[in-house]
1. So how far apart, in nm, are the two label points at Asp263 and Asp210 if each is 7 Å from Cα heading toward Cβ?
2. Let's test the formula: R0 of 41 Å, r as the Cβ-Cβ distance of Arg223 and Ser81. What FRET efficiency results, to the nearest 0.05?
3. Could you pull out the chymotrypsin sites (Phe, Trp or Tyr not before Pro) across the stretch 90-144 that fall in loop regions by DSSP (anything but H, G, I, E, B) with no more than 12 other Cβ atoms inside 10 Å?
4. For Val127 and Glu63, what does the FRET efficiency come to when R0 = 41 Å and r is the distance between their Cβ atoms, rounded to the nearest 0.05?
5. Over the stretch 63-111, what number does the Rg to Rh ratio reach, with both radii from the alpha-carbon atoms and Rh per Kirkwood?
6. Per the Kirkwood treatment, what hydrodynamic radius in Å, one decimal, follows for the stretch 225-279 from the mean inverse distance over all distinct Cα pairs?
7. Go ahead and run the numbers for FRET between Leu232 and Lys37, Cβ-Cβ distance against an R0 of 45 Å, rounding to 0.05.
8. Between Leu90 and Lys50, what is 0.36 nm times their sequence separation minus the Cα-Cα distance? Round to one decimal in nm.
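The values are calculated or read from the model by the stated rules, or taken from the named source; none is laboratory data. Bear in mind that the values here come from a model prediction, so they are computed numbers and not experimental data. Cβ sites come from the backbone with ideal geometry, for glycine too, and all protein chains shown count toward neighbours. What goes into the accessible areas is simple: the full protein's heavy atoms, side chains included, and nothing from ligands, DNA or RNA. Shrake-Rupley method; radii C 1.70, N 1.55, O 1.52, S 1.80 Å.
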Amino acid sequence: MSTPPRRRGLRLAVILLLFSALPLGAAEEKDWNLPTKDWYQGPVRYLITKAEEKQYRGLGSEEERRKFIEDFWARRDADPSTPANEAELLFSRRVAEANHLFRDAPYPGWKTDRGKFYVLLGPPDEVQQGTATSPRGKEVPFFTWFYHQPRFPGMERDTEMRFIRTNSTEFELTDRLAMNRLEQLMGTPKLLAIQATAAQIPPEPQKLLDTIAASQPSIDPKRFRTHYDFFLAKDGSTSVLVTLGILRSDPPVNWVIYARFSDGTAAYDLARPDSFRTSDAAAGNVDGFRLYQGRVSVPPGTYSLFIGVRNPVTGE
């Protein structure tokens, strides 16, 4: 017996109503960290290397995939001595937050352009919203993200990322507005992911500073001198100018300087080779010392300063 037309229409109306009640971007997302065959196509695509992906795709059983995923996160665990894997927990939390925050596309938030950067770099330090004018005179909304503090070695301070709304209502990373140097150098979030993954292995300067911070050697006043100046920044942080004097030698040495500020819970590194600079005047004989200066902004507080000095020629 066929369903009366009125009832069939009622059932259709209810189905349409339920479907339209689903907000944009609210498609149900399965647990992405399960040992499924397409696990590598989930959010971990931003971290997994080509070699790891090839190995995973060759696995034949769920148990093999489960073991691979465990080892995948274990390799990224910064502190294996703790019961929790902080890297995995942080990544999972950012994926969940991206899904909640970025609902402007018909797929999970971690797949959006903003979601990609959020998962890799975390929330921006500052967000500005505005409108741009298209060639046809139409006002187009956009967001500008600011990362004032670098999130991985090589990332510059005060990095900007701009996302403009497309005709599909999704906010996409775009070059219609002025792109900063990071966008030009990295090109795509995928390349940025490679940089972020490489940052899991501390580079030589950070290893050097870790050693110094752990051993806390005493400074040689005959060979090194230090001076500090403090300034209040507009954002309420403290701008610290560090001057390091190194006794001149013959032949002259163009030393590489690294420094770390630490309050016991957070650390701020000046670990790039050009973090400390010397002027032409300071390169001369200033009381027998060559002067180097570096600057870092930190929240108000009490800090320990660790300085590493390296001879790039001899390795001293």
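1. Using points 7 Å along Cα→Cβ, the separation is 2.4 nm.
2. 0.65
3. Here no loop site has a sparse enough neighbourhood.
4. After rounding, the FRET efficiency stands at 0.40.
5. Rg/Rh for the stretch 63-111 comes to 1.12.
6. About 13.3 Å for the stretch 225-279.
7. Approximately 0.20, to the nearest 0.05.
8. Numbers: separation 40, 0.36 × 40 = 14.40 nm, distance 2.25 nm.
In short, 12.1 nm is gained.
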